[in-house]
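The values are calculated or read from the model by the stated rules, or taken from the named source; none is laboratory data. A quick note: this is a predicted structure, and the numbers were derived from the prediction, not measured. FYI the Cβ positions are ideal-geometry reconstructions off the backbone, even for glycines, and counts take in every protein chain you see.
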Amino acid sequence: MKTIKLIVIAVLALLAALIIGLLAKTFLTPSKQLQVKPVNAIAVDGTAAAARLGAAVRLQTISSAADPEANADAFKALHAHLETSFPKFHAAAKRELIGGYGLLYTLAGTDSAAKPIALLAHQDVVPIAPGTEKDWSQPPFSGVVADGFVWGRGAWDNKSNLMSQLEAIELFLASGAKPNRTIYFFFGHDEEVGGRRGALALAERFKKDGVKLDFVLDEGTLIVEGILKGLDKPAALIGMAEKGYLTLLLQATATPGIHRCRHRPRNKPPSGC
């Protein structure tokens, strides 16, 4: 009994020390939150931006794993739409095609010693399941602006991200500013079917050229409202990882023709239950 008491006392002492240590660390560690001066709000023509996004949504850039040229006209039309909509950006950035219809833009920075960054999005969308068209509040590729939203396939995933990046950089350049570090914009064309012609080709290209990035921002998640109880302000959800996938082959081995009842009476053979 004495030994057991000593063990219990030792465990309690360790727990107390752990709690004290955690509390001390919590209250004595200073905040590492960066203090950033807020920037002045920039006037954005929301109506025009929504119309440009709606026009992009109307282009049915559906990717195909089997056919690299599937819907090629839609991708070409989207490229033309971007060039027309963002002239200052296209005048300042170098544009290249990666893997067929992937768009790589290089906007050179003023500081050659600063590591470049990459902003990613994707042009392609998934098809509409046959027979579900009637389930959409608006036609799936209408790109209509109604009730404060842009409606249609890709309005969220992921043309909103793509167009927002270009809207922002167009305004940035229009103000006369220049980035201090080089920015790569890459808009893949086969993300929804694996990204081997787009993202993989770009990664291999960067590796070959020795491009080392300071950070990468991809499509991420949303700014939401009312998602957490007690949080009355919009919250930006930050995604730190990408989902993967797993393929399983399930195989079962058993003797055919034998039927066993799970709850049959003891000492009685299986019946047709």
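So how many residues does region 140-175 have that are buried (at least 17 other Cβ atoms within 10 Å of the Cβ), in a helix (DSSP H, G or I) and either of a type in the set (A, V, I, L, M) or touching a Cys at 6+ places or on another chain (Cβ under 9 Å) (or both)?
6
Here are the criteria: (1) surrounded by fewer than 10 Cβ atoms within 10 Å (Cβ to Cβ); (2) assigned to a loop (DSSP other than H, G, I, E, B); (3) modelled with pLDDT of 95 or more. Tell me which single one LYS208 does not satisfy.
Single failed check for LYS208: (2).
Which residue out of THR110, THR132 is closer than 23 Å to PRO179 by Cα, more than 24 Å from the chain's Cα centre (by Cα) and surrounded by fewer than 13 Cβ atoms within 10 Å (Cβ to Cβ)? Steps first, please.
Numbers: THR132 fails: closer than 23 Å to PRO179 by Cα.
None of the others qualify; the one that does is THR110.
Just one of the numbered conditions (1) touching a residue at least 24 places away in the same chain (Cβ under 8 Å); (2) in contact with a helix residue (DSSP H, G or I) (Cβ under 9 Å, 6 or more places away or on another chain); (3) not polar (S, T, N, Q) is not true of PRO68; which one?
For PRO68, the failing item is (2).
Report every pair of residues separated by at least 6 positions or lying on different chains whose Cβ atoms are under 9 Å apart, first residue within region 160-184 and more than 16 Å from LEU104 (Cα to Cα) and without any contact (Cβ under 8 Å) to a residue 24 or more places away in the chain, second crowded, with 18+ Cβ neighbours inside 10 Å and of a type outside the set (A, V, I, L, M, F, W, C).
PHE172/PRO179
Do you know which of the residues in region 113-129 that are among the β-branched types (Val, Ile, Thr), closer than 26 Å to GLY54 by Cα and buried (at least 16 other Cβ atoms within 10 Å of the Cβ) is farthest from the chain's Cα centre (by Cα)?
Here is the first cut: in region 113-129, the residues among the β-branched types (Val, Ile, Thr) are 117, 125-126, 128.
From what's left, closer than 26 Å to GLY54 by Cα: 125-126, 128.
With the extra rule that they be buried (at least 16 other Cβ atoms within 10 Å of the Cβ), the set shrinks to 125, 128.
Working: VAL125: 13, ILE128: 20 Å.
Among those residues, the one meeting the criterion is ILE128.
So which residues in region 24-42 are of a type in the set (Val, Ile, Thr), in a loop (DSSP other than H, G, I, E, B) and either in contact (Cβ under 8 Å) with a residue 40 or more places away in the chain or over 30 Å from GLY176 (Cβ atoms) (or both), if there are any at all?
Hits for region 24-42 are THR29, ILE42.
Answer yes or no as to whether GLY131 is assigned to a loop (DSSP other than H, G, I, E, B), touching a helix residue (DSSP H, G or I) at 6+ places or on another chain (Cβ under 9 Å) and on the phi > 0 side of the Ramachandran plot. Spell out how you get there, then give the answer.
Values: assigned to a loop (DSSP other than H, G, I, E, B): yes; touching a helix residue (DSSP H, G or I) at 6+ places or on another chain (Cβ under 9 Å): no; on the phi > 0 side of the Ramachandran plot: yes.
Considered against the rule, which asks whether it is assigned to a loop (DSSP other than H, G, I, E, B), touching a helix residue (DSSP H, G or I) at 6+ places or on another chain (Cβ under 9 Å) and on the phi > 0 side of the Ramachandran plot, GLY131 comes out as no.
Quick check on PHE75: is it surrounded by 10 or more Cβ atoms within 10 Å (Cβ to Cβ), among the aromatic types (Phe, Trp, Tyr) and assigned to a helix (DSSP H, G or I)? First the steps, then the outcome.
Working: surrounded by 10 or more Cβ atoms within 10 Å (Cβ to Cβ): yes; among the aromatic types (Phe, Trp, Tyr): yes; assigned to a helix (DSSP H, G or I): yes.
Criteria met by PHE75.
Go through (1) modelled with pLDDT of 80 or more; (2) farther than 28 Å from ALA65 by Cα; (3) surrounded by 12 or more Cβ atoms within 10 Å (Cβ to Cβ); (4) over 17 Å from the mean Cα position of the chain (by Cα) for CYS261 and report which single condition fails.
(1)
Would region 31-48 turn up any residue that is in contact with a His (Cβ under 7 Å, 6 or more places away or on another chain) and at pLDDT 95 or above? Spell out the reasoning first.
Taking region 31-48 first, the residues in contact with a His (Cβ under 7 Å, 6 or more places away or on another chain) are none.
No, that holds for no residue.
Are any residues in region 207-218 touching a Leu at 6+ places or on another chain (Cβ under 7 Å) and of a type outside the set (A, V, I, L, M), and if so, which ones? Spell out how you get there, then give the answer.
Kept after step one, since they are touching a Leu at 6+ places or on another chain (Cβ under 7 Å), are these residues of region 207-218: 216-218.
Correct list: ASP218 only.
Given the structure, is LEU97 outside any loop (DSSP other than H, G, I, E, B), in contact (Cβ under 8 Å) with a residue 24 or more places away in the chain, closer than 27 Å to ALA174 by Cβ and in contact with a helix residue (DSSP H, G or I) (Cβ under 9 Å, 6 or more places away or on another chain)?
On the way: outside any loop (DSSP other than H, G, I, E, B): yes; in contact (Cβ under 8 Å) with a residue 24 or more places away in the chain: no; closer than 27 Å to ALA174 by Cβ: yes; in contact with a helix residue (DSSP H, G or I) (Cβ under 9 Å, 6 or more places away or on another chain): yes.
Considered against the rule, which asks whether it is outside any loop (DSSP other than H, G, I, E, B), in contact (Cβ under 8 Å) with a residue 24 or more places away in the chain, closer than 27 Å to ALA174 by Cβ and in contact with a helix residue (DSSP H, G or I) (Cβ under 9 Å, 6 or more places away or on another chain), LEU97 comes out as no.
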